[in-house]
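Here is the structure we will look at.
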Amino acid sequence: MDSANIPPGARSGRSLANFCGMLVALAMTACAHGQITNMRLGDTAALSGKVSVVTVTSEGVVAERRSVYERLDADRRIEEAIVSRLVEDDHFDESGDLRVSVRVTGFRLRSAGNAFWAGYMAGVDKLEGEFDIQQGEGHTNHYAFQLSGAEEWYFKYSATARFRSLSRELAEKISTLFEREDVAE
């Protein structure tokens, strides 16, 4: 088929589809990601029970980054993200027997201007630390986490939105440690 027989809108439609596909691919690569690792080799079984308390502390955040961390009210935002996710996944109950204690030891969040002008060359946003999940007085599971995100201005311009993305990623990873209760409907 020669190019004279192609309808006028087909070329621009194909270009638009290619452009949209590229944006979707960029968005998927620009999300927060990371890992949690079990700090004690025997504790790999899924957790059962409900969380009643989530606490977040950040004494490990270095002084140069502390003002940004506090301006974001980051401890509260992380706590809210974890509780929200646990509620969503039915792992939270105020009368539950589990407690989650998060200690943030590393934090880096690029300014909105730096993310806008320098993009990937400005590095990545980071959230690192440890958390424990304690069941009563008898048993505690210890984990470490390292999360990062390279969401650029065209996806999440504000530093707050980029930090919220890291908080949600941590919350999701904590929730995956619990047993899934498949309910047949």
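The values are calculated or read from the model by the stated rules, or taken from the named source; none is laboratory data. Fair warning: this is a prediction, and the values are worked out from it, not measured in the lab. When we count neighbours, we look across all protein chains shown, and the Cβ atoms used for this are built from the backbone with ideal geometry, even at glycine. The area values use the complete protein model at the heavy-atom level, side chains included, leaving out ligands, DNA and RNA. Shrake-Rupley method; radii C 1.70, N 1.55, O 1.52, S 1.80 Å.
Each residue in the range 41-83 was checked for being over 20 Å from N141 (Cα atoms), touching a helix residue (DSSP H, G or I) at 6+ places or on another chain (Cβ under 7 Å) and of a type in the set (G, A, S), and 2 of them qualify.
Condition check for A118 on (1) at pLDDT below 65; (2) under 27 Å from T55 (Cβ atoms): one failure, at (2).
Of the residues making up the range 146-162, those that are among the charged types (D, E, K, R) and either at pLDDT below 60 or open to solvent by 70 Å² or more (accessible area, probe 1.4 Å) (or both) are E151, E152, K156.
Conditions tested, residue by residue: (1) among the hydroxyl-bearing types (S, T, Y); (2) in contact with an Asp or Glu (Cβ under 6 Å, 6 or more places away or on another chain); (3) open to solvent by less than 40 Å² (accessible area, probe 1.4 Å); (4) at pLDDT 60 or above.
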{"site": "L23", "(1), (2), (3), (4)": "no, no, no, no"}
{"site": "S58", "(1), (2), (3), (4)": "yes, yes, yes, yes"}
{"site": "E64", "(1), (2), (3), (4)": "no, no, no, yes"}
{"site": "F92", "(1), (2), (3), (4)": "no, no, no, yes"}
